[in-house]
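Here is the structure we will look at, set down as structure tokens.
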Amino acid sequence: MKTRWFVVAGVLVAILLAGVVSIYASGSPDGLTKVSEDQGFADTEKSRDALLGDYGSVTGVVGVLVVLAVAGGVTYAVRRRGSD
Amino acid sequence: MHVPDGFLDAPTSTATAVVAIGCVGVALVGARKELDDKTAPMAGLVAAFIFAVQMLNFPVGAGTSGHLMGGALAAVLVGPFTGVLCVSVVLLVQCLLFADGGITALGTNILLMGVATVVVGWLVFKLLQTTMPKRLALVPAQAGIAAFASVPAAALLFVGLYAVGGAADISMDTLLTAMLGVHVLIGIGEGVITFLAIGAVVAVRPDLVYGARRVLARRELEIRSEVTA
């Protein structure tokens with residue numbers, strides 16, 4: 001498989017995971033959140049509104065594409081260029 | 001494990017931010033050695049994949065869930081320096097667009113999930129690779145074990161930071177026990193996901209796995225020596 005097609009296939013898998021499989025993700029609090037509730041320091045959290053709202057199928061796919069662009073851009077910029 | 005604003009006090013958050021900036025700076029310099037025209041596209045994919053899999057919370061015991069952190073996975077796939085960059089970008093986007101992890105806690109989260117899991121994951125992976133037979137088939141399992149170890153390590157670092165600058169006056173012993181207990185379980189999920197993901201790439205394009213390059217080069221050398229003999 002050519003590298004180009006491998007990357008395209010990988011991005012499609014990521015989009016599928018964020019857009020579809022994420023529907024079946026557990027809604028329970030994660031490890032740190034649960035510990036903060038049990039240990040009585042959850043109320044020290046200062047929450048704020050999210051620019052994109054909660055994680056959902058659409059916002060998840062948007063997130064995947066933004067991360068792809070930013071991380072791809074940064075690593076493309078710092079890579080070794082040319083002959084090797 | 002995304003730390004929100006308010007869990008750690010301002011001096012601690014400032015200190016972690018400074019250290020995190022330093023680590024990302026080192027990673028930017030070090031990544032140049034790891035990245036070339038062939039591997040650079042992989043880094044974008046790895047970051048996007050980690051972002052997607054971090055959405056997939058899996059249950060760990062009653063009323064608790066966990067998700068992939070991805071540091072060990074990134075380190076084995078694209079190299080440790082590039083791995084720090086990948087997870088840091090994921091955390092930055094989660095923080096800015098999804099309010100997942102606090103703004104003042106971004107440095108803390110980069111240290112916990114972007115640096116600690118990468119460093120511990122990579123060191124354990126290299127240790128296993130050095131001590132075990134040099135075989136490509138072992139790479140996914142070695143990566144899985146390294147990923148497993150990286151999660152309690154990050155939990156341990158959080159407890160350390162909380163001991164220094166936690167907002168609430170709570171027992172450090174019970175915090176340590178609770179954090180390690182749940183993150184050992186989450187670590188099992190991290191190990192399984194990392195094993196499967198690395199296994200899939202090794203099966204299709206082993207040359208794209210940074211951590212497999214040494215065993216691949218060795219294998220090619222063996223083939224050549226057989227031909228000339």
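This table checks each residue for (1) closer than 30 Å to residue B:218 by Cβ; (2) hydroxyl-bearing (Ser, Thr, Tyr); (3) free of Cβ contacts under 8 Å to residues at least 40 places away in the same chain; (4) out of contact with any His (no Cβ under 8 Å at 6 or more places or on another chain).
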residue: B:50; (1), (2), (3), (4): yes, no, no, yes
residue: B:53; (1), (2), (3), (4): no, no, no, no
residue: B:64; (1), (2), (3), (4): no, yes, no, yes
residue: B:72; (1), (2), (3), (4): yes, no, no, yes
residue: B:79; (1), (2), (3), (4): yes, no, no, yes
residue: B:86; (1), (2), (3), (4): yes, no, no, yes
residue: B:92; (1), (2), (3), (4): no, no, yes, yes
residue: B:98; (1), (2), (3), (4): no, no, yes, yes
residue: B:123; (1), (2), (3), (4): yes, no, yes, yes
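When residue B:200 is tested against (1) over 30 Å from residue B:64 (Cβ atoms); (2) at pLDDT 95 or above, just one condition goes unmet, and that condition is (1).
Apart from one condition, residue B:24 fits all of (1) within 9 Å of chain A (Cβ to nearest Cβ); (2) closer than 18 Å to residue B:106 by Cα; (3) not small (Gly, Ala, Ser); the exception is (1). The set of residues in region B:65-89 that are under 22 Å from residue A:35 (Cβ atoms), open to solvent by less than 10 Å² (accessible area, probe 1.4 Å) and either hydroxyl-bearing (Ser, Thr, Tyr) or within 9 Å of chain A (Cβ to nearest Cβ) (or both) comprises B:65, B:66.
Of all the numbered requirements in (1) closer than 21 Å to residue A:4 by Cα; (2) in contact (Cβ under 8 Å) with a residue 60 or more places away in the chain, residue B:40 misses one, and that requirement is (2).
In this structure, is residue B:44 within 13 Å of chain A (Cβ to nearest Cβ) and surrounded by 15 or more Cβ atoms within 10 Å (Cβ to Cβ)? So that I can check it myself, show each step before the final result.
Details: within 13 Å of chain A (Cβ to nearest Cβ): yes; surrounded by 15 or more Cβ atoms within 10 Å (Cβ to Cβ): yes.
Here the answer is yes, as residue B:44 does meet what is asked.
When region B:29-41 is filtered for residues that are facing another protein chain (nearest Cβ under 7 Å) and open to solvent by less than 70 Å² (accessible area, probe 1.4 Å), the ones remaining, listed by number, are B:31, B:35, B:36, B:40, B:41.
Within region A:23-32, is there a residue that is under 21 Å from residue B:201 (Cα atoms) and of a type in the set (D, E, K, R)? Steps first, answer last, please.
Going residue by residue through region A:23-32, those that are under 21 Å from residue B:201 (Cα atoms) are none.
Looking through region A:23-32, none of the residues is under 21 Å from residue B:201 (Cα atoms) and of a type in the set (D, E, K, R).
State the number of residues belonging to region A:49-71 that are modelled with pLDDT under 95 and open to solvent by 80 Å² or more (accessible area, probe 1.4 Å). Qualifying residue count, region A:49-71: 4.
Of all positions in region A:27-49, at least one carries a residue that is touching a His at 6+ places or on another chain (Cβ under 8 Å), on the phi < 0 side of the Ramachandran plot and of a type in the set (A, V, I, L, M, F, W, C).
Checked against the criteria, residue B:82 counts as part of a helix (DSSP H, G or I), closer than 21 Å to residue A:64 by Cα and more than 9 Å from the chain's Cα centre (by Cα). For the condition acidic (Asp, Glu), more than 11 Å from the chain's Cα centre (by Cα) and closer than 24 Å to residue B:59 by Cα, residue A:49 does not qualify. Exactly one residue out of A:22, A:26 is closer than 14 Å to residue B:182 by Cβ and at pLDDT 95 or above, and it is A:26.
The residues of region B:125-136 that are touching a residue at least 60 places away in the same chain (Cβ under 8 Å) and hydrophobic (A, V, I, L, M, F, W, C), listed by number, are B:125, B:136.
The values are calculated or read from the model by the stated rules, or taken from the named source; none is laboratory data. For clarity, every value in this text was computed on a predicted model and none was experimentally measured. Neighbour counts are summed over all protein chains in view; Cβ atoms, including those assigned to glycine, are modelled from backbone coordinates with ideal geometry. Keep in mind that these areas ignore ligands, DNA and RNA; they rest on the heavy atoms of the full protein, side chains included. Shrake-Rupley method; radii C 1.70, N 1.55, O 1.52, S 1.80 Å.
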